[in-house]
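Heads up: the structure comes next, in structure tokens.
The values are calculated or read from the model by the stated rules, or taken from the named source; none is laboratory data. This is a predicted model, so every value here is computed, not measured. Please note: Cβ atoms are built from the backbone with ideal geometry, for glycine as well, and neighbour counts cover all protein chains shown. Surface accessibility is based on the protein's heavy atoms, side chains included, excluding ligands, DNA and RNA. Shrake-Rupley method; radii C 1.70, N 1.55, O 1.52, S 1.80 Å.
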Amino acid sequence: MGMWVLLIVLLCVSARAVDRSNFKTCEQSAFCKRQKELKPGQSPYRALLDTLELSDSRITLQLINDNNKVRLLLELYRLQGNMTRVKINELKPLKPRYEVPDVLISDPFTETLSVVSQDENSLVLSLGGKDQRLIVSAQPFRLDIVEGPQVLVSLNSRGLLAFEHLRARKDTISHKISSTVGSMWDSLKKEEDKPGMWEETFKSHTDSKPNGPSSISLDFSLPGVEHVYGIPEHADTLKLKNTDGSDPYRLYNLDVFQYELHNPMALYGAVPVLISHSTDRTMGIFWLNAAETWVDISSNTMMFGKILDFVQVSSEAPQTDVRWISESGIIDVFIMLGPKPADVFTQYASLTGTQSFPPLTALAYHQCRWNYNDQEDVKSVDQGFDEHDIPYDFIWLDIEHADGKRYFTWDPSKFPQPKEMLQGLMDKRRKLVAIVDPHIRVDSGYKIHNEILSKNFYVKNKDGGDYEGWCWPGNSGYPDFTNPEMRAWWASKFAYEQYEGSMENQYVWNDMNEPSVFNGPEVTMHKDALHGGWEHRDVHNLYGLYVQKATADGLVERSGGVERPFVLTRAFFAGSQRYGAVWTGDNAAEWGHLKISIPMCLSLGLAGISFCGADVGGFFKHPSAELLVRWYQAGAYQPFFRAHAHIDTPRREPWLFGPENTALIREAIRQRYALLPYWYQLFYNAHRTGYPVMRPLWVEYPDDVATFSIEDEYLIGKDLLVHPVTDEGATAVTAYLPGKGEVWYDVHTFQKHDGEQSLYIPVTMSSIPVFQRGGSIICRKDRVRRSSSCMENDPYTLYAALNSQGSAEGELYIDDFHTFNFEKAKQFVHRHLSFSANTLSSRNLAPDSQFSTASWIEKIVIIGGSQPSSATLKNADGTESALEFEFDSTLAVLTLRKPGVNAAADWTVILR
Amino acid sequence: MTCVHLLLTLVFAVSLGTPVEIQRPRGVPLTKKQFYVENKPFTCLDGSRAIPFDRVNDDYCDCKDGSDEPGTAACPNGSFHCTNAGYRPMFIPSSRINDGICDCCDTTDEYNSGAKCENTCKELGRKEREVLQKMAEITKEGFLLKQHLIEEAKKGQQEKKSKVTDMQGNKKQLDEKVEVLRTVKETAEQPEKEAKERHLKAWEEQKAAIRLEKDKAKMAEAFLFLTDDEDGLLSLCISVSVSELQSHAELDADADGTLTETEAQGLMGGAEQVDTSTFESVWPNIKDKYHSESQPEEPAPVETPPDEVKEPVVVNDSEPYPEDDISEEEDEDDEDEDDYHEDDDKAPPTIKAPEKSHEDEEAMPPYDADTQALIDAAQKARDDFEEAEKALREMDDQIRNIEKELSFDFGPDAEFTYLYSQCYELTTSEYIYRLCPFNRISQKPKYGGSETNLGTWGSWSGPENNKYLLMKYEHGTGCWQGPNRSTTVKLTCGKETVVTSTSEPSRCEYLMEFTTPAVCQEPANTDLSPHDHEEL
């Protein structure tokens, strides 16, 4: 037994204490190396225009590779909402190639593609209005999407389309092929086997590759584009870097121990969505492929610079080239044509869905640690928050809570009475998250394992046996989450009667779902492992999404479909936004990691995943008090707000750093709670539209070139600008306030600043530079209590910040904060608030919805206003009453005392 | 809906069945009642402004200090007072008013939230009184025990101090005794040494005579062989040449395997040739290494000197063992014999066996009776001296130990003295924890495995007003990638001295709870009457 434990520890430790060399470079990944050997030039592919077939929804035609005569089938779709889909597969593959299921929310709606003209070497198709055309060139094959005279995007313009067709192993072919098919044999013979086509070894791990080479590649040219974003997850800048001379950005979900900053290495999740932006247009490329993928980015901006503004030679305009390379599957790419940032978000949301609408409590503060040791510990931490008057909603339990890392169970000595513990939290209107990871301890005494075994739900190894690997519990099996029956079974395990000791205020966290396999190649699953008929190679980046989906489904089911789920995941893919929140994994208590949390979450937001956060304080290592305080201040203004710490670090609950720091942390968390109505409304909008909650400045100021590379500040919605302090010993920050003619107000002092300027802001330890946009109305709940549930019926204060025209508008969204009734029964309040011409009014945005709230309007603060002689409140029933007010003339802040109207009512306030 | 309510409330403070009516705004403690006068403008308690009285508790925050809303949650920094009749009154932050959670046992904080709270003050009061009573009993008894401990400790300390004084006196005597015995020993050793030397010298001379004779015979033999070799005749010029010596590689001085001409010349004192007379001066240079050439050809001669029997043993040994040492050892007198065996453990045992047999052959004759008597006398003096010296050392140790003990901070009244050199154990499901106060703490797996040091005594580390409430043990076994283990021991008043719990709140930082009468405070008042109701 002792040895057993020791062995596990050694294995875990050695496998987790890895460095960069444990992960492949492109050079070490055989298909990437092969593909990178192909240089831009004349494409061997030719479109056979005479094979054109046109139907209502699509056109198809064949492509031929003149070198090996292998034919491909090209499908072109015009999709509703200004998108074009391009699919390329082998015309007659030896066996089917993997097409990613379950990511698109439905078959996209198509629109008619019509042929505008056709000649020997080209085909021109209409993409609808605005002179948008899709031009197919036959030799060499190339696609261009143009709008009028302007080329928006070209495909295969650099000739990097490469499609490794499936083939039989040569040694087996030579016996079977008869001389009668000699000519075909000749052409095949020309294609020599290259290293790594049929077997590949990396660090003692051999990939058997029974299907041989299968990689695909395609290049995209974006004329006029200097800025591209997205393709999370990387610990890198918001604006993607030129990868000439370095490795391409890699998308391959991996458990990377102590990841490094500013490099293109793969991390825990992958969303193959790239957004391009220029003052002219915002576009997106969605490469729907779940296999290992590399993205090369090359731009020629550096060479030309600003001279181009005066030289109208289109061929020399700045251009960014993007090349996608994937190990298997097919080419299935969606070109989202914008033209505005919001259009791209709508387009992508129409394909993969929007952010799930979390219960309000999930947007509050989360207290986590690996590990809260036992029930007593949970209780005393809970009490600690009350003793220090710090709000929190969730306490989290990491892997040590389970009995021998057998998820769905409780350690009998540390957590003998989980329900008692959960009830204690419920009495305080608080919640708990317990971890459930997808690796299952191989143990004949473990019910979950036995059931999976008897239902044959485990992933198989290449020889057909159950795949086993090492993870936290030691030897573990990995359920096949790609199997819908397996997912249904998994979901059923969250039923209260199945998951013993669980209660309705317990939610779930899926970690290690890349999947992490301590003794596997690159700490993940062998690519030749089998998910039914498909290789792990094909589905790898999708595994984590399925785990979170199955878990979220389980939480919905256990409540009879009533309650909104909350599930946090580390691994993710395109579409993961539909199932919950993600965090940026195992970061470290370093200033650099605090800084990078902003571009990392911004990139995720651009790729549809709004509910993002980083471990506050940093997971590894021990933060200084200053770093911890700064991280709370930054985290309070990021979507997912959770403190977390490694088991080997000293305790760091907010009150352990002296009374001054406790007060600073308390204040940061209180600011979060006061703003919860705004966060909630933004998440409702994200759920409705797909707009990110946390946005780069350029999303709202697409014409302001100065914003394009900013990543040390960002917008929450469009009305709050946040520039957290992320430097040690900082005495000032310089924030860029965007927008010509815009005004911004410091939310703490109400000081007014003009837009389109860099503002020097002196800071102290208590400073969190946040600005409200003039022209906005933000609703807050200033009565901060010990958890968000306690604030449910509290009144709102409206902060109307006036623009230079003296007007402002905003929204207020209210529902029961935790069920699907807003959707199923239209039970919600959605108000439009506007102030103009000295009249503030609340108008119903959803007349067909119904919800009654106890909340009312306690105060209205008009920032940048002037002193009226009277203020009159007009109720919906026509009654009028005078409102008392105060006016601060130095700051021009008018405070209306206690309107007292219900938050759901129609009302007007008139200033005279 | 608006929350306009409760400008004034009647608070019914119920105490032991006697209702008392006190009129004041909700949430105001009795001590501040005078600031809230009905129908008179209310001045915020910070003096910042005055407001009409109907704005007190009107669910809107008018005062920056929150004093206008003692009974609502409107002010972010306000506080609410609950009377909690039957239990103890308390203040809660205003944010806990009507938040759906019962904070005040008299339920007054949840007057409009729908939370179903029950008045638990009586029950809490009863329980608290029980606990207090129990605590008081424990404290009382504990304090008595503590007094006893203090007495004991003081007595013990006194005893130890006087013991040290006594011992220091004794030590002086012992010091003197040691010095006397040293002189006695030295005096006895001088004649012993001289007698032994005499005896040895006589034996040496005898040995030398025998050796000289043997040597001469050997030299003659060698000279004959060497000359015989070269010339093949007994000529007039009987001599040994350099080249003849060169054929004897065993004489090679730099051990490079060959005896060079220069080396051979060196052995021969620089001469090219030597005759019998001069060979006598060459012989000492070569005799130790010289191999008789006849030897390998002849069956081992009976008279072969022990030197040469031993030689192959040495040569065959894989470890180089300088021959010089051996011959020196033989030549050494026997006085040093014992020292040699004690000191030199490195000598390979294989060498010792033949050496022994050789010694037996040439054993020193026994001492004569006079010498033996001197030796016996000296030995007795030595034994006496050593015994006295040992006694002195032991006494020094004892004094040091007592002084060390006396140097510990055992509390203001030495009440923790009794813990010294004691150990207390706690067995949990997995481990046995062992606290040895002022020494160390350890953890041992219950079912086998090695002990882990959780820290050695560092210091008292309680709060400034009473540092004797916490003990800190530091620098225990290091943690993987982490700090060295350390333990904080929290001391609470108890009748017994026991470890009541251990935990590891943070990785490798342990917390141990320990009860002892030594921290029991003097009961403030022996009167254990039920808790006073401050509100009434």
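Per-residue 3J(HN,Hα) values for region B:71-78, derived from phi via the Karplus relation 6.51 cos²θ - 1.76 cosθ + 1.60 with θ = phi - 60°, read x, 10, 8, 5, 9, x, 10, x Hz in sequence order (x marks Gly and Pro). Taking R0 as 22 Å, what's the FRET efficiency between A:Asp131 and A:Val705 from their Cβ-Cβ distance, rounded to 0.05? Plugging the Cβ-Cβ distance into 1/(1 + (r/R0)^6) gives 0.25. For A:Trp470, the accessible area of its heavy atoms, probed at 1.4 Å with every protein chain present, is near 40 square angstrom. Proximity of backbone amide H atoms, modeled 1.01 Å from N, is registered between A:Glu111 and A:Arg78, A:Leu79, A:Gln80 at under 5 Å, excluding neighbours fewer than 5 places apart on the same chain.
Each residue of region B:511-518 was assigned a 3J(HN,Hα) from its phi angle through the Karplus expression (A = 6.51, B = -1.76, C = 1.60, θ = phi - 60°), giving 10, 10, 9, 9, 9, 7, x, 4 Hz with x at Gly and Pro.
Modelled this way, with points 7 Å down the Cα-to-C-beta line, the labels at B:Gln34 and B:Asp376 are 10.6 nm from one another. Chain B contacts chain A over a buried accessible area of about 2600 Å², both sides summed; the probe is 1.4 Å and only protein chains count. Between the helical axis of A:591-606 and the longest alpha-carbon principal axis of chain A there is an angle of about 70 degrees. Less than 5 angstrom separates the built amide H of A:Asn519 from those of A:Trp470, all sequence-distant by 5 or more or on a different chain.
Under 5 Å from the amide H of A:Val459 lie the amide H atoms of A:Tyr467, A:Tyr478, A:Asp480, each residue being 5 or more positions distant or on a separate chain, with H modelled from the backbone and absent for Pro and chain starts. Considering only A:Thr879, A:Ile716, A:Leu798, the residue lying farthest towards the positive end of the dipole of region A:700-911 is A:Thr879, judged by Cα position with unit charges set on Cβ.
Accessible area ranking (1.4 Å probe, heavy atoms, ligands and nucleic acids excluded), largest first, for A:Asp403, B:Asp106: A:Asp403, B:Asp106. Exposure check, 1.4 Å probe, all protein chains in place: A:Leu274 carries approximately 0 Å² of accessible surface.
For the segment A:785-791, counting C-beta atoms of other chains within 10 Å of every residue's C-beta and taking the mean gives 5.
Multiplying the residue separation of A:Ala488 and A:Glu557 by 0.36 nm and removing their Cα-Cα distance gives an extension gain of 23.8 nm.
At a probe radius of 1.4 angstrom, the accessible area of chain A per residue rounds to 35 square angstrom. Separation of region A:596-645 and region A:492-556, taken as the distance between their Cα centroids, equals 24 angstrom. As a calculated quantity, the FRET efficiency between A:Glu199 and A:Glu37 at R0 = 22 Å, using C-beta atoms, amounts to about 0.75.
Computed 3J(HN,Hα) for region A:236-253, one whole-Hz value per residue from the Karplus formula 6.51 cos²θ - 1.76 cosθ + 1.60 where θ = phi - 60°, is 9, 4, 4, 6, 5, 8, 5, 9, 4, x, 9, 5, x, 5, 10, 10, 7, 4, glycine and proline marked x. Once all protein chains are placed together, A:His388 keeps about 50 Å² accessible to a 1.4 angstrom probe. Loop-located GluC sites (Glu not before Pro) in region B:362-394 (DSSP state other than H, G, I, E, B) with a sparse environment of at most 14 neighbouring Cβ atoms within 10 Å: B:Glu362. Please list, by residue number, every one of the GluC sites (Glu not before Pro) in region A:474-567 that is coil in DSSP and has at most 16 other beta-carbon atoms within 10 Å. Sparse-neighbourhood loop GluC sites (Glu not before Pro): A:Glu497, A:Glu500, A:Glu504.
For the pair A:Ser454 and A:Ser55, label points projected 7 Å from Cα toward Cβ lie 4.6 nm apart. Think of region A:700-911 as a dipole: +1 on every Lys or Arg Cβ, -1 on every Asp or Glu Cβ, centred on the Cα centre; then among A:Gln827, A:Val770, A:Thr890, A:Gln827 lies furthest on the positive end.
Between the beta carbons of B:Ser421 and A:Leu656, assuming R0 = 41 Å, the FRET efficiency works out to 0.70 to the nearest 0.05. Placing pseudo-labels 7 Å out from each Cα toward the beta carbon at A:Asp906 and B:Ser162 gives an inter-label distance of 10.2 nm. Adding -39500 (n - 2.57) for every DSSP H run of four residues or longer, then dividing by how many residues chain A holds, sets the calculated 222 nm ellipticity at -6000 deg cm²/dmol.
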